[in-house]
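Here the structure is laid out as structure tokens; the discussion comes afterwards.
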Amino acid sequence: MRIVTLLYFWVTLILLSSSSPSYSTGMTLNVGPLSGGQGGSNPLSIPPLNFAEYQFIYTTSQNSEFVVGVIPGIFYGIRSSEKSPVYVSVGGGLVIDLNGVGVGIMSSVGANLFCAKVCFNMEYRQALAPSSGTLLSPYALRIGASTFW
């Protein structure tokens, strides 16, 4: 039921948002709960002082992105066009989980909404990598702010 409510909220926000970023190069800072391999997502600390809850994204005008976060990791990816409020991205890099570290793949889906000079951003990012005989699959659901130029 929680997932249905979250999806309903997300779709409603996307439909209400008619604005989209006007430029492709930008930066995003997100914060939110993550799952590091210990049985589901961890709650967000209040205030969010844990460095692992943050994620930084730099997007280029060639629709690529560089992502730095403790969990799910550090990645380079290709992102769908920033001309739309909704985007998807796929890529690879260093997957970090509480159970280990490995080289793997990631994918994400997100939205930049209510854009003026700064956009409200929300994103779900999942990674997958083999490590020491196990499969790492950390994920994070984060919100934050994006700016484009």
Original post:
When only DSSP loop residues count, what trypsin sites (Lys or Arg not before Pro) in region 108-142 have their Cβ near at most 14 other Cβ atoms within 10 Å?
Top reply: LYS117
Original post:
How far apart, in nm, are two points set 7 Å out from the Cα along the Cα-to-Cβ line at SER137 and at VAL68?
Top reply: 3.0 nm
**OP:** Give a residue-ordered list of calculated ³J(HN,Hα) values for region 125-133 (Karplus: 6.51 cos²θ - 1.76 cosθ + 1.60, θ = phi - 60°; whole Hz; x for Gly, Pro).
**Re:** 10, 10, 10, 8, 7, x, 7, 6, x
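Which of the peptides 107-115, 46-54 is most tightly packed, and how do the rest follow, going by the mean number of other Cβ atoms within 10 Å of each residue? Walk me through the numbers on the way to the answer.
Details: 107-115: 20.3, 46-54: 12.3.
Ranking, from highest mean packing down: 107-115, 46-54.
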Subject >> Label-point gap, in nm, between LYS117 and TYR58 - each point 7 angstrom along Cα→Cβ >> reply: 2.2 nm
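Quick check: residue separation of PHE51 and THR25 times 0.36 nm, minus the Cα distance between them. What number comes out in nm? Walk me through the numbers before you get to the answer.
Details: separation 26, 0.36 × 26 = 9.36 nm, distance 2.49 nm.
Value of the extension gain: 6.9 nm.
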Original post:
From the backbone phi of region 101-111, what are the Karplus-calculated ³J(HN,Hα) couplings (6.51 cos²θ - 1.76 cosθ + 1.60, θ = phi - 60°) in whole Hz, Gly and Pro given as x?
Top reply: 10, x, 8, x, 10, 9, 9, 8, 9, x, 8
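A short reminder: the numbers here are calculations on the coordinates, not readings from a lab. No experiment lies behind these values; they were computed from the predicted model shown. Quick reminder, even Gly has a Cβ in these numbers, built from the backbone with ideal geometry, and neighbours come from all protein chains shown.
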